[in-house]
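Remarks on the structure that follows.
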Amino acid sequence: MTENLIELLNVEKSFNSLKAVDDVTFSVKRGSIYGLLGPNGAGKTTIIRMVMNILAPDRGRITINGEKISEDSKDSIGYLPEERGLYKKLKVNEMLQFIGQLKSVGTSKLRSSIDKWLEIFELTKWKHNRISELSKGMSQKVQFIGSVIHNPELLILDEPFSGLDPISADMMNETILKLNSEGTTILFSTHIMDHAEKICSNIFLIDKGKGILSGPLQQIKDSLGKKSIIIEFDGNGGFIKSLPIVEKVIEYTRFVEVELKDGRKSDELLRSIIGKIEIHKFEVVSPSLHKIFIDTVGENEQ
């Protein structure tokens, strides 16, 4: 048994004159959560479709468990595509039974698995409703259940958090972590760095078809750039970005991430903001994945 469950070596894919994937190489260790990250249109979905053998690479090699994926080996893989596809006229239970039968799950085991997953995602009372009667978020949950109904060794998720409200996104996040703790290897793509930072052990950042950053997440965070300062506060913090000691500010919903100019200290910043805003948190941290993404992709655009 190889250490790496998925391996891509010098993979390329073009569509007419557009090179969607350009000499990409990475490997996904067995038992890890691997983030395939990048902006929209970077090539993430094309890579996943090649891993799933939906598309063939123009050049390079892709293997799962040391071999090229086959139709038979797909029974050990769960796949949630970016384009959701459920039969609207089927009932939830019927849809999941159909997917489970395609994955060769036995009748009694399938029935038990469906009931378990519907309860986890709080969809039990919708079991006999048609897919067309579900909200977008509910449909997303049903499709996710379809990707794990057969207890796959490998779970491939393309933008799994798309369309989910914050509560459902947290539920999805917890489910992915639990599956991984039980031994499932997970490859997922996203352009939302906050989700990736919460759960990834390793990442591959791609932009314009080319890999620009890869490796263990914490190692990347420790090695790239300066420490950041996270400030949670109430009040008007717009003045922070104009302080002479500040190099850059990234604004979030409830806090800001500040990078200081060379040679400036965090206590200087603290003295500059005390009394002007109500500070709830002031913490020096490694740069966030969101900041790394902005800085790295921004440099790639130049």
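None of the figures in this text is laboratory data; all of them are computed from the coordinates on show. Computed from a prediction, not measured in an experiment: that's the story for all the values here. Here the Cβ is made from the backbone with ideal geometry for all residues, glycine too, and neighbour counts use every protein chain on show.
Couple of notes before you dig in:
- Kirkwood radius, segment 166-285, all distinct C-alpha pairs, inverse of mean reciprocal distance: 16.9 Å.
- Listed residues T184, T107, T63, most fluctuating in the chain (Gaussian network, C-alpha, under 10 Å): T107
- Quotient of the Cα radius of gyration of segment 96-245 and 2.2 N^0.38 Å, N being its number of residues: 1.34.
- Integer Hz, Karplus 6.51/-1.76/1.60 couplings in order for segment 275-287, x for Gly and Pro: x, 9, 9, 8, 8, 9, 8, 9, 9, 8, 9, 5, x
- 3J(HN,Hα) along segment 146-160, derived from phi through the Karplus expression 6.51 cos²θ - 1.76 cosθ + 1.60 where θ = phi - 60°, amounts to x, 7, 10, 4, 9, 6, x, 6, 10, 10, 10, 10, 9, 6, x Hz, with x in place of Gly and Pro.
- Environment charge at L269 (Cβ cut-off 13 Å; Lys +1, Arg +1, Asp -1, Glu -1): +3
- Entries of K241/K281; K44/K291; K29/K141; K109/K178; K103/K210; K221/K281 with Cα pairs more than 24 Å apart: K29/K141; K103/K210
- Fully extending the segment from K261 to S14, taken as 0.36 nm per residue of separation minus the present Cα-Cα distance, adds 84.7 nm.
- Pairs from the table (K198/K227; K89/K136; K68/K198; K13/K68) lying more than 22 angstrom apart at Cα are K68/K198.
- Annotation: peptides 191-204, 163-176, ranked by per-residue average of other Cβ atoms within 10 Å with the highest first, follow the order 191-204, 163-176.
- Backbone phi angles across segment 199-216, fed through the Karplus curve with coefficients 6.51, -1.76 and 1.60 (θ = phi - 60°), yield HN-Hα couplings of 10, 7, 9, 9, 9, 10, 9, 10, 8, 6, x, 10, x, 10, 6, 7, x, x Hz in residue order; Gly and Pro are listed as x.
- Reducing segment 1-62 and segment 98-134 to their Cα centroids gives an inter-centroid distance of 31 Å.
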